[in-house]
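K.L.:
Quick one: the structure is below, and I'll ask about it shortly.
Laboratory data are not the source of any read-out in this text; all were calculated from the coordinates shown. If you're wondering where the values come from, they're calculated on a predicted model, not measured in any experiment. A quick note on method: Cβ atoms are made from the backbone with ideal geometry, for glycine too, and the neighbour counts reach across all protein chains shown.
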Amino acid sequence: MFWILIASLAGACVTPLIARVMGRGAGLVVALLPLGLLAAFVSMAPVVERGWVRGQGIAWAPKLWLDFTLRLDGFSFLFCLLVTGIGSLVIIYAGGYLTERPKAERSRFFTLILLFLTAMLGTVLAENLLVLVLFWEATSILSFLLVGFDSRSARSRRAALMALQVTAFGGLALLAAVLMIGHELGTYSMAKAVEQADTLAASPWGSPIVACILIAAFTKSAQFPFHFWLPNAMQAPTPASAYLHSATMVKLGVYLLARFEPVFAATSWGRTVVVTVACLTMLLAAFQALRAENFKSALAYSTIASLGILVLLVGLDGPAATVAMVGFLMAHALYKAALFFCAGSVLHATGLYSLRSMGGLARFLPLTALACVGASLSMAGIPPFIGFISKEFLFEAQLESSWELVPLAIAVIVNAAMVGVAGVVTLRPFFLGRGKVQEVRHGESFSLVAPPLLLAVTGLVISLEPGWITRVALRPAVAAVYGRAVEVDIAVWHGVTPMLMLSVVVVGIGALIVRFWRPIHIRLRSRQWPETFAVERLWERSLRRLIYGSRAITAWVQHGDLRRYLLVVTLGVIALILWSVLAAGAFPRLPAIGDIRPAAAIVALIGLAGAIAAARATSLLAAMIATGLTGFCVAITFLMNGAPDLALTQFSVEALIVVLLTALLLAVPLASPATRSPAMRRSDAIVAACLGLLLFAGMLDMIANEHASIASAFYGRMSYVAAHGHNVVNVILVDFRGFDTLGETMVIAMAAVLARALMPRRSGTGATGGAQPVHFSLQIAGRPLGWLLLFASLVILWRGHDQPGGGFIGGLVAALSFALLSLAYGVDRSERALRARPLTLVAGGMLLTLASGLPGMLAGGSFLEQLWWQPGGWLPKLGTTLIFDIGVYLVVLGAILTFLFGLQREAAR
């Protein structure tokens, strides 16, 4: 399963490139990827058929309960079949539907669809809840890109943002639920969480966990009051609508509820909330479906009603409810995807959207009309289609549950409305109103006709020959959800039963709705029902007020006074230190003071003098020189106390700070304006002195702490034994505390990206990039000195694991070399010598740091567990730590150059 996901992800990035060189047939070729994935899952059918569960896991950070664990049981297997099977048909259909689009757009669409397919597979296969959240959020982001595919349309952008806002809100709720589950149970395993449902429900976190799970499911599956985003999402291209709203994204909420049904059922209110919300959603969606004029809007509201039925079935108790939920989930995916395909073909051929403006299209699109008839008969629950069987399952589940007749009555009304919608979306466009449409833009093609016809025929074949699908998919799915084996009997005729009578009543009422659709439709549209857009408007109004409030708070907090910023931060640090000391009752201890070393004392006094001079300087240039003096004194202190790594880092940082500030001083006045009164300067001095005294006391206490020497001795003793390195500092950074270093590297990378967004683009002032005139000696010596520093940085990088050096220090030295070149010859020339954009280096470095942790995980260890190869002889020892260090090297180099080049271009403007 792990390799299936990797193949899906890699194929999503590579396969759509075919669309750039092919025309109408691109969809047929790209569809080979999901078809191959479908075949891979079908090959696992014997395992699922026996009721077994296939698991696969890779350790990541076991002590934090983080592992990449996948689990294939009957329920996830059914979803995988739907996701890959319908996904392949969607891609085939998109190949014909997007033929008129530019090749780049077509390729982008295929990439997004395949990435979405991968995210769906990851979500339904994930056993670790954190992995599930990761893929869950990926589906939200990718659906945002698909809904807003036509980025030039204001409606598409609005719909995409609305869908992302609602589903991302649910994603945050799911993350909160997962974290609470991990805190309560000490594990992120979904199976263990479900097994301990009673424990979760009885815990203080039980109600918040259930509430967050329900919010996540309701937002994803468009349940009231979060239902409004789905009709707006119809702005997506029809192939995307068919995929997202039939078999994939909107079904994830149902998937989540079904998985955690034991958890919310263990509470006193869980089932009541689920059934109540489902009934409200069904009624509202049925009302809106009868009001809808747009072809796709009618299908969207009928989808919401169907999702309400699925949620209702999850909320009902008893095995029949689980059978009905699984059967209806499959049937709805088949006929609703086919109907969306038919709607897309009609819209693509006519350019019309309103059902009232269509008519007589069967003579232009006969095969599309045939597919629409088959799918609509299944949606209406007419035998022998699969929709009829799923509707009987629904009524059986309601009759056998412990609930009263209210949900049953609502289900009858809503299903009758769905029969009416099915009849209207078939008869109105294709068979009634002959003569309304005189011509169409194009006829039918294989790519546009084959997918809906195949889905309609599949729904018929399954109901007539249900043996294989029942054996390998439906029965295992029911067992996986319900917890034990349940008989699933798919048959068109069960005799004269109460379920059959209810189906007859539903079809009869639906037929009356079809017959009198026009007056019903006009009457409903003439009434301004309060709910019509109330929730949507309330959501958008709340977001606007949130934005206005955020702007007001930002204007109050981000006032632009740097002194006040520093004062607040400094006072906050002082208060935090004092509070922690007083709360712990542990006051600073004095270490044993040895003999005073004259050399160290002189260096410290020089550094102190530099700090005082910097604080009193009125010129920015003088402050920069004094600050640099203090920094170099700190570096010398490190060197005198046996810390060459820290000294080398400090020297490099101080040199780079001088270069960066030099570039900054070219754009700002050298003289510091007198903006502070003597009283302000005194208060600032008092605050700074207090912070300095507290930090000094903390350092004394740290030196007096014996545990620090114990930790130092441990790292010194285990440095070579556990990590094959003599340089303890570098070993700690890339091995013992590699995860911390990875996080810090990510922070540096994000800072570089943000800096690039804020700083100017290319200056356009010529080859020098607007460089200021420099001294002749710098232009003469800049190139050889720069290349010498670059070579030295590579040496520092290579030797870092055993001698002073490493990726961070090497990156600083390399940045210093290019900084020297940019000062001497200009930014553009320096960037050409770099042969890459700084952000490209940052991206490549982050990929390397992340990739360096994979070999250890694939070998059975945890993420960032380093592997070593020691061939012996003249060959040096090699390890994945070198890859990690190279990644850090590139990130540091790219980040610093992003700042430097941006500042120099800003100075040249």
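K.L.:
Note down the relative contact order for the range 228-378 as a percent, whole number, built from C-alpha pairs under 8 angstrom at least six residues apart. Spell out each step's value before the answer.
P.N.:
On the way: 151 pairs, mean separation 43.0, N = 151.
It comes to 29 percent, rounded to a whole number.
K.L.:
Also, I was wondering about something else. Over the chain, what is the relative contact order in whole percent, taking alpha-carbon pairs under 8 Å and six or more residues apart?
P.N.:
Values: 1394 pairs, mean separation 86.8, N = 909.
Relative contact order of the chain: 10 percent.
K.L.:
Only Cα pairs under 8 Å and at least 6 apart count here; give the relative contact order of the range 406-528 as a rounded whole percent. Could you put the intermediate results ahead of the total?
P.N.:
Details: 50 pairs, mean separation 60.1, N = 123.
Value for the range 406-528: 49 percent.
K.L.:
If exposed GluC sites (Glu not before Pro) are those in a DSSP loop with at most 12 other Cβ within 10 Å, what is the longest stretch of the chain that has none? Numbers along the way, then the final one.
P.N.:
On the way: sites that count: Glu100, Glu404, Glu439, Glu487.
In short, 488-909.
K.L.:
I've got another one for you. Would the range 356-413 count as rounded, prolate or oblate if I go by the C-alpha gyration tensor, calling it rounded below 1.5 in a/c and otherwise prolate when a/b exceeds b/c, oblate otherwise? All intermediate terms of the calculation are to be shown ahead of the outcome.
P.N.:
Numbers: a/c = 6.79, a/b = 2.46, b/c = 2.76.
In terms of gyration-tensor shape, oblate.
K.L.:
Exceeding 27 Å between C-alpha atoms, which entries from my cross-link table qualify? They are Lys63/Lys877; Lys220/Lys391; Lys63/Lys220; Lys251/Lys436; Lys220/Lys436; Lys63/Lys251. Write out the running numbers ahead of the final one.
P.N.:
On the way: Lys63/Lys877 29 Å; Lys220/Lys391 24 Å; Lys63/Lys220 32 Å; Lys251/Lys436 37 Å; Lys220/Lys436 39 Å; Lys63/Lys251 33 Å.
Result: Lys63/Lys877; Lys63/Lys220; Lys251/Lys436; Lys220/Lys436; Lys63/Lys251 exceed 27 Å.
K.L.:
Rounded to whole Hz and in sequence order, give me ³J(HN,Hα) for the range 502-514 from the Karplus expression 6.51 cos²θ - 1.76 cosθ + 1.60, θ = phi - 60°, writing x for Gly and Pro.
P.N.:
The phi angles translate into 5, 4, 4, 4, 4, 5, x, 5, x, 4, 5, 5, 5 Hz.
K.L.:
Tell me the mean residue ellipticity at 222 nm calculated for the chain from its helices only (DSSP H runs of n ≥ 4, each -39500 (n - 2.57), averaged over every residue, nearest 500).
P.N.:
After summing the helix terms and dividing by the residues of the chain, the value is -23500 deg cm²/dmol.
K.L.:
Still on this model: Please sort by residue number the chymotrypsin sites (Phe, Trp or Tyr not before Pro) in the range 808-909 whose DSSP state is loop and whose Cβ has at most 15 other Cβ atoms within 10 Å. Mind dumping the intermediate values first?
P.N.:
Details: sites: Phe808, Phe818, Tyr825, Phe863, Trp868, Trp869, Trp874, Phe884, Tyr889, Phe899, Phe901; in loops: Phe863, Trp874.
In loop regions of the range 808-909 (DSSP not H, G, I, E or B), the sparsely surrounded chymotrypsin sites (Phe, Trp or Tyr not before Pro) are Trp874.
K.L.:
Can I ask one more? Could you tell me the calculated FRET efficiency between Ile593 and Ala689, based on Cβ-Cβ distance and R0 = 22 angstrom, to the nearest 0.05?
P.N.:
On the way: r = 22 Å, r/R0 = 1.02.
Computed FRET efficiency for Ile593 and Ala689: 0.50.
K.L.:
Taking neighbour counts of Cβ atoms within 10 Å as a proxy for exposure, in what order, fewest first, do Tyr255, Tyr301, Tyr482 appear? Please report the intermediate quantities before stating the final value.
P.N.:
Values: Tyr255 25, Tyr301 28, Tyr482 21.
By the 10 Å Cβ count, ascending, the order reads Tyr482, Tyr255, Tyr301.
K.L.:
Are there any trypsin sites (Lys or Arg not before Pro) in the range 144-188 that are in a DSSP loop and have at most 12 other Cβ atoms within 10 Å? List them by number. The partial results should precede the final answer.
P.N.:
Numbers: sites: Arg152, Arg155, Arg157, Arg158; in loops: Arg152.
Sparse-neighbourhood loop trypsin sites (Lys or Arg not before Pro): Arg152.
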